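To start, the structure itself, in structure tokens.
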Amino acid sequence: MYAIIVAGGSGTRLGGDVPKQFRLINGIPMLAYSLMRFHEADNTTQIFLVLPAEHISHWESLEISKQIPHTVVAGGKERFHSVKNALNAIASDDGRVTSAGEKELVAIHDAARPLVSASLINNTFKEARRYGSAIPVTPVPYSLREKKNDKWVATDRRNYRIVQTPQVFNLSNLLQAYEQEFSNLFTDDASVYEAAGFDVNLMEGEDVNIKVTTADDMEWVKFKFLKS
């Protein structure tokens, strides 16, 4: 099994000079929590961490970067290109994909989701092993309105889901999907996979598994870690 942890963004919406993946939570960079959870879930999973090229040396200078085995990959212009770089690194390493067989799986996870649990990681791999892919989602807890003919009208929130990571896929299929040209419609890996003609299987996610985007998100995550 493989895991790609994507920490290639600048995190500008969070504010400040430090990219959000390096912001400290209990003295530990946020991105390190995802590495720890994947290692906790299954310490045989081969982890690939995607970072902006200019931040790789900083990460490798930190003591925590040496505590969990992983391979660092330079990110690309868009998230799509960052994931593709990591997939290429997996595929080129000793030809492991060609020898792995059709059931090899890869998880892709946002480093900005530090509250992911080992149980969710294991459940996504379990679901993907059965169905070929696993996308954790949660119900929408808010009232929604949709724009139709220049008017905002009420819509049924039961028809919508909030998408999370880790998203787990058949590795051979995902490699094929990432041969497509980049599109602005690719908002996550499931959209890339689906655009290539492969089925996407939804499963129950976890409400606590939020993506840190704003300063308020960061404060909430810090509060959750203090309580745990």
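Select, from Glu204, Glu194, Glu181, the only residue that is of a type outside the set (Lys, Arg), under 28 Å from Ala7 (Cβ atoms) and surrounded by 16 or more Cβ atoms within 10 Å (Cβ to Cβ). Don't jump to the end; show me each part of the working.
Numbers: Glu204 fails: surrounded by 16 or more Cβ atoms within 10 Å (Cβ to Cβ); Glu181 fails: surrounded by 16 or more Cβ atoms within 10 Å (Cβ to Cβ).
Testing whether each residue is of a type outside the set (Lys, Arg), under 28 Å from Ala7 (Cβ atoms) and surrounded by 16 or more Cβ atoms within 10 Å (Cβ to Cβ) leaves just Glu194.
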Subject >> Condition met for His58 (modelled with pLDDT of 95 or more and surrounded by fewer than 20 Cβ atoms within 10 Å (Cβ to Cβ)) >> reply: no
Original post:
Just one of the numbered conditions (1) over 21 Å from Leu35 (Cα atoms); (2) among the hydroxyl-bearing types (Ser, Thr, Tyr); (3) touching a residue at least 40 places away in the same chain (Cβ under 8 Å) is not true of Thr213; which one?
Top reply: (1)
**OP:** Could you tell me whether Arg158 is in a helix (DSSP H, G or I) and not polar (S, T, N, Q)?
**Re:** yes
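Starting from residues that are among the hydrophobic types (A, V, I, L, M, F, W, C) and part of a loop (DSSP other than H, G, I, E, B), keep the ones in segment 55-80 and report whichever is farthest from the chain's Cα centre (by Cα). Outline the logic, then answer.
Within segment 55-80, the first condition is being among the hydrophobic types (A, V, I, L, M, F, W, C), and the residues that meet it are 56, 59, 62, 64, 68, 72-74, 80.
After this cut, where a residue has to be part of a loop (DSSP other than H, G, I, E, B) as well, the list is 62, 68.
Values: Leu62: 22, Ile68: 18 Å.
Here the residue is Leu62.
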Original post:
Would a scan of segment 102-112 turn up a residue that is at pLDDT 95 or above and either among the acidic types (Asp, Glu) or surrounded by fewer than 19 Cβ atoms within 10 Å (Cβ to Cβ) (or both)?
Top reply: yes
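For segment 106-117, does any single residue satisfy the condition of being among the β-branched types (Val, Ile, Thr), in a helix (DSSP H, G or I) and within 29 Å of Asn184 (Cα to Cα)?
Quick first cut of segment 106-117, residues among the β-branched types (Val, Ile, Thr) only: 106, 108, 116.
When the remaining residues are screened for being in a helix (DSSP H, G or I), the result is none.
No: segment 106-117 contains no residue that is among the β-branched types (Val, Ile, Thr), in a helix (DSSP H, G or I) and within 29 Å of Asn184 (Cα to Cα).
Going through segment 32-54 one residue at a time, which ones are among the hydrophobic types (A, V, I, L, M, F, W, C) and part of a strand (DSSP E or B)? Walk me through how you get there before you give the answer.
The first filter runs over segment 32-54 and keeps only residues among the hydrophobic types (A, V, I, L, M, F, W, C), leaving 32, 35-36, 38, 41, 47-51, 53.
Within segment 32-54, Ile47, Phe48, Leu49, Val50, Leu51 meet the criteria.
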Subject >> Subset of segment 135-155 that is under 26 Å from the mean Cα position of the chain (by Cα) and not in a loop (DSSP other than H, G, I, E, B) - its residue that is nearest to Asn201 (Cα to Cα) >> reply: Ile135
**OP:** May I ask you to list the residues in segment 59-75 that are among the polar types (S, T, N, Q) and closer than 20 Å to Asn88 by Cβ?
**Re:** Thr71
Subject >> Hey, Tyr160 under 23 Å from Ser119 (Cβ atoms) and either among the small types (Gly, Ala, Ser) or surrounded by fewer than 19 Cβ atoms within 10 Å (Cβ to Cβ) (or both) or not >> reply: no
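The values are calculated or read from the model by the stated rules, or taken from the named source; none is laboratory data. What you see is a predicted model; the values in this text were computed from it and never measured. Cβ sites come from the backbone with ideal geometry, for glycine too, and all protein chains shown count toward neighbours.
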